[in-house]
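Note sheet for the following structure.
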Amino acid sequence: MKIAILSRNRRLYSTRRLVEAAEQRGHEVHVLDFLKCYMDITPSHPSIWYKGTKLEGYDAVIPRIGASVTHYGLAVIRQFEMMGVYCLTESVALGRSRDKLRAMQLFSRKGLGMPSTSFAYQVHNTKDLIKLVGGAPLVVKLCEGTQGRGVVLAETAKAAESVIEAFRELRAEFLVQEFIKEAGGSDIRALVIGSKVVAAMQRTAMDGEFRSNLHRGGSAQLIKLTPAERRTAVKAAQTMGLNVAGVDLLRSSRGPLLMEVNSSPGLEGIEGATQKDVAGFIIQYVEENAKPNKTRTRGTG
Ligand SMILES: Nc1ncnc2c1ncn2[C@@H]1O[C@H](COP(=O)(O)OP(=O)(O)O)[C@@H](O)[C@H]1O
Ligand SMILES: [Mg+2]
């Protein structure tokens, strides 16, 4: 197959591993910096260009879109979709997962476990917002944050009000969430491909920190998930419509609670902790699900 990986940097661990796994399995693979792609948006012949060349003949696209460039990345994926090319991560699914508020609403609609979460637009709702999630301590988080940035633990109602006011002042969209204390600074990352969890790790925050992100100095260990955790992780990925997803869960006294679903999950931490060839599994999934380009009819996006 001819595979394109949409990535800003071919030297990133995850990109390198996907290239390696695809080549090992005999595919032709190109890394395309999607910010350098430009598009011809016409009714009958939508096309994508890259450094003066029209991109043609791809059987599959593997998007690895960073959070700061979601908007343009989505447009490039949509264009490939219009051209009838199989995209491992579909534009609609990526868009859902990048907005924590939208994701939480979808999880709640499916009845999936999640921390109590509230959201409001107007300043005079602050006290009610805090009450809705059961009071302090609570977590305030930016709707579009990543790597633990913009996730704040407020120990008291007063601190919560100050943080909420500060976020509002900055015109940032945020969620207010029940703090899951029993998680004890740990969370679970489950790597879902299709309808299976192929690898899972527990991440533990460093001392004095409640955010377990590896980018915040958290450490990772192999972990065995309970059947309920597996089910929740797979259901969450499917709710987003993601074929590949990094699902973050908290272990609580009332079972697994969803925090977020990442559509371009990093592979370094999970492959390191589990010694599994996750990149290989991803390419295998693409092989099984992408039809050769020749047989494709033009999609509608
Ligand atoms: N409601 C919560 N209760 C306890 N810990 C939380 C809660 N929300 C987030 N955390 C901790 O903070 C980390 C980052 O939060 P998350 O929502 O995943 O944001 P990001 O997208 O920045 O990773 C989580 O991995 C978890 O360790
Ligand atoms: Mg996270």
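The values are calculated or read from the model by the stated rules, or taken from the named source; none is laboratory data. The structure displayed is predicted, hence computed values, not measured ones. Glycine also receives a Cβ, built like all others from the backbone with ideal geometry; neighbour counts cover every protein chain displayed. Each accessible area value is taken on the protein alone, full model and side chains, heavy atoms only, with ligands, DNA and RNA left out. Shrake-Rupley method; radii C 1.70, N 1.55, O 1.52, S 1.80 Å.
Under the criterion of Cα pairs below 8 Å and six or more residues apart, the relative contact order for the stretch 182-263 equals 32 percent. When the Gaussian network model of the chain links Cα atoms closer than 10 Å, the mean-square fluctuations of S44, S108, S252 top out at S44.
Solvent-accessible area of the chain (1.4 angstrom probe, protein heavy atoms only): carbon and sulfur portion equals 50 percent. 3J(HN,Hα) along the stretch 124-131, derived from phi through the Karplus expression 6.51 cos²θ - 1.76 cosθ + 1.60 where θ = phi - 60°, amounts to 6, 8, 3, 5, 5, 4, 5, 5 Hz, with x in place of Gly and Pro. Electrostatic bookkeeping for C143 treats Lys and Arg as +1 and Asp and Glu as -1; over the other residues with beta carbon under 10 Å from its beta carbon, the sum is +1. Longer than 32 Å from Cα to Cα, which of K54/K235; K51/K110; K100/K276; K196/K291; K100/K224 are they? Say none if no pair is. From K54/K235; K51/K110; K100/K276; K196/K291; K100/K224, over 32 Å: K54/K235; K51/K110. For every helix of n ≥ 4 consecutive DSSP H residues, a contribution of -39,500 (n - 2.57) applies; sum these over the chain, divide by its total residues, and give [θ] at 222 nm rounded to the nearest 500 deg cm²/dmol. Computed ellipticity for the chain at 222 nm equals -9500 deg cm²/dmol.
Rg and Dmax of the chain, based on Cα coordinates, read 20.1, 62 Å. Taking all Cα pairs closer than 8 Å and separated by 6 or more residues, the relative contact order of the chain comes to 19 percent.
Within straight-line reach of K158, meaning a Cα separation under 20 Å, sit the following lysines at least 8 residues removed in sequence or on another chain: K127, K131, K141, K181. Scanning the chain for GluC sites (Glu not before Pro) lying in DSSP loops with no more than 12 further Cβ atoms inside 10 Å, the longest uninterrupted stretch between such sites is 156-301. Here the Gaussian network model covers the chain, with springs between Cα atoms less than 10 Å apart; of Q221, Q24, Q177, Q24 fluctuates the most. Per residue, the solvent-accessible area of the chain (1.4 Å probe, heavy atoms of protein chains only, all protein chains present) comes to 49 Å².
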